[in-house]
Amino acid sequence: MEVETVEKSVGARSVSFRFRRNLLFVATLLTLVLVFLGAVPYHEKLAESPMRFAIFWIGIFVLVAAILALALYDLVRVRRDHKRRVRELERELAAAAAEARSFMRLMEQAKRDPKEDSLDDGRD
């Protein structure tokens, strides 16, 4: 049951992760295309009116600011998810180490007391 819960949460994070990354990609591509269009083909049209020029380039700067904000948010989320996963792995490792230590103690005890094992074998 615990494995199913972990798989569901990983699946939800994966969708969110993919959505954020795809959104970043599309917004960055759109920004690059708009910068190119504003610098080369539409330069004359934008230069005719200072208001049109200002609105176009302010829009570009707003889009760039949104991309930077989304990138910072993505960075924070990736770091937080990584820290959470590291803590989970540390807990799993600690549990496995405790299990290995108890197993080693049992093995050492069995080596020290072979008579008890032979008595136990005779009872079955």
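Annotations for the structure displayed:
- For GLU90, the stated conditions hold: it is in a helix (DSSP H, G or I), over 30 Å from LEU29 (Cα atoms) and modelled with pLDDT of 95 or more.
- Whichever residue in region 6-65 is under 30 Å from GLU88 (Cα atoms) and of a type in the set (Ser, Thr, Tyr) and, among such residues, is modelled with the highest pLDDT: SER16
- Qualifying residue in region 80-87 (condition: part of a helix (DSSP H, G or I), of a type outside the set (A, V, I, L, M) and either in contact with a Gly (Cβ under 8 Å, 6 or more places away or on another chain) or over 27 Å from SER14 (Cα atoms) (or both)): no
The values are calculated or read from the model by the stated rules, or taken from the named source; none is laboratory data. A quick note: this is a predicted structure, and the numbers were derived from the prediction, not measured. Ideal geometry is used to build each Cβ from the backbone, glycine not excepted, and the neighbour counts take in all protein chains shown.
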